[in-house]
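Written out below as structure tokens is the structure these notes cover.
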Amino acid sequence: MSRVNTVLGAIPAAELGVVAVHEHIGYGMPGSELDSTWWKIPEERYAETVPKLREFHEHGGGTFVDVTGICNGRDVDHYRSLSAKTGVHIVACTGFVGGDTALPHFARATVEYLARHFVHEITVGIGGTGARAGVIKVGVSRGGRMTALDRRIYRAAARAAVQTGVPILTHLAIDPEPAVAIFGEEGLPLDRVLFGHADDGPNSSITPHEWLLARGGRIGFDTFGYETELPDPPFWARPRKERLDHFLSLLERGHLGQLLVSADANCSPLGWPGVKGHTVNYLFTDLIPDLRDAGVDDAVITTLLVDNPADFLSIRS
Ligand SMILES: [Zn+2]
């Protein structure tokens, strides 16, 4: 039976339910934890996060995948407590959002060290928390081209994915040729990779969706809800209809099996105010109604939110 690592233990993939595959409990840039301007006591973090997860659960949400990198505020004990309190399965990651968010200790590490570290967090656990990572996060640094460090992290992630059977999520799907070459060299099939942020404002037009899909990669439309229509939209926002139409065009071209959706929301931002008016629950309050209005039937919606993530997240032996 296929299984998935959650922060409270491995569960059968069939029990994940509706999955938000790219989200954050609390995300901030490395070092923000040292800026007392933004310190929050634990009660504030709970007060910001628990209602969102409870609402997620009430809407029928089953699993929240936290892809906050090692240096961006990942806090596994906090996730375990939240999961136990709300009943939402939480999957934690190992890895980094990008080379440019890996702190010097990791930035100077070899591929071998990084791969060993990822494998340890997946198979033994993350520190002494008792939680095992269920996915590996990698990403392209700011600037839009993969740096030497990005490539070391991608290679280490590929080795850990091959060895453990856990999948990889990427931050950004731009400049994917070096990534695809590394995954090929390490023997990782591309259906184990979700190329993320393929839908956002600045990057959607420079992401080669069809090129990735033709090679078997999975595509993440994972920033749903970051719309230019928001009162104070972030730089990665995109007009709501434009994103939806783009997504529908990929569905119409027969790519349903390779598509995943999420909101990339930040329940309790670290070191910044976050984006007002956007939560993981956009998936239920806006995306699903938008898909239905566009004539997408419920079987397709179930494939997108239940079956595809279960297949992707299952530890492959
Ligand atoms: Zn994210």
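The values are calculated or read from the model by the stated rules, or taken from the named source; none is laboratory data. Everything numeric here is computed off the predicted structure, so don't read it as measured data. When we count neighbours, we look across all protein chains shown, and the Cβ atoms used for this are built from the backbone with ideal geometry, even at glycine.
Candidates are the residues of region 239-285 that are in a helix (DSSP H, G or I) and either of a type in the set (K, R) or farther than 24 Å from D298 by Cα (or both); the one that is nearest to the ligand (Cβ to nearest atom) is R243. All conditions but one from (1) out of contact with any helix residue (DSSP H, G or I) (no Cβ under 7 Å at 6 or more places or on another chain); (2) among the charged types (D, E, K, R); (3) within 16 Å of the ligand (Cβ to nearest atom) apply to E48; the one that does not is (3). Do we have V4 as closer than 18 Å to E121 by Cα, touching a Gly at 6+ places or on another chain (Cβ under 6 Å) and at pLDDT 95 or above here? It is true that V4 is closer than 18 Å to E121 by Cα, touching a Gly at 6+ places or on another chain (Cβ under 6 Å) and at pLDDT 95 or above.
Return yes or no: is V97 closer than 30 Å to E15 by Cβ, within 20 Å of the chain's Cα centre (by Cα) and within 16 Å of the ligand (Cβ to nearest atom)? Talk me through it step by step, then tell me what you get.
On the way: closer than 30 Å to E15 by Cβ: yes; within 20 Å of the chain's Cα centre (by Cα): yes; within 16 Å of the ligand (Cβ to nearest atom): yes.
Yes.
For the structure I just gave you, tell me whether G217 is of a type in the set (G, A, S), crowded, with 24+ Cβ neighbours inside 10 Å and within 14 Å of the ligand (Cβ to nearest atom). No: the conditions fail for G217. Look at (1) farther than 17 Å from F195 by Cα; (2) crowded, with 23+ Cβ neighbours inside 10 Å and you find that D77 fails only one, number (2).
For region 221-238, a residue qualifies if it is more than 16 Å from the ligand (Cβ to nearest atom) and surrounded by fewer than 16 Cβ atoms within 10 Å (Cβ to Cβ), and the qualifying residues are T228, E229, L230, P231, D232.
Restricting the first member to region 171-190 and to residues that are more than 16 Å from the ligand (Cβ to nearest atom), and the second to residues that are of a type in the set (K, R), the beta-carbon pairs closer than 7 Å and six or more apart or on different chains are D175/R145; P178/R151; V180/R215; I182/R151; I182/R155; E186/R155; E186/R159; L190/R215. Exactly one residue out of Y46, Y27 is surrounded by 14 or more Cβ atoms within 10 Å (Cβ to Cβ), touching a residue at least 60 places away in the same chain (Cβ under 8 Å) and of a type in the set (F, W, Y): that is Y27.
Which one of these is of a type outside the set (S, T, Y), closer than 25 Å to R215 by Cα and in contact with a strand residue (DSSP E or B) (Cβ under 6 Å, 6 or more places away or on another chain): I136, I174, I182?
Only one candidate passes the filter, namely I136.
Against the numbered list (1) among the small types (G, A, S); (2) in contact (Cβ under 8 Å) with a residue 60 or more places away in the chain; (3) over 30 Å from I301 (Cβ atoms), S36 comes up short only at (2). Filtered by the rule that a residue be aliphatic (A, V, I, L, M) and either within 16 Å of N308 (Cβ to Cβ) or within 16 Å of the ligand (Cβ to nearest atom) (or both), region 11-25 gives A13, A14, L16, V18, V19, A20, V21, I25. Where residues in region 100-128 are over 22 Å from D66 (Cβ atoms) and in a loop (DSSP other than H, G, I, E, B), which of them is farthest from the ligand (Cβ to nearest atom)? Filtering region 100-128 for residues that are over 22 Å from D66 (Cβ atoms) and in a loop (DSSP other than H, G, I, E, B), the one farthest from the ligand (Cβ to nearest atom) comes out as T110. Exactly one residue out of E33, E58 is farther than 22 Å from G128 by Cα, acidic (D, E) and more than 15 Å from the chain's Cα centre (by Cα), and it is E58.
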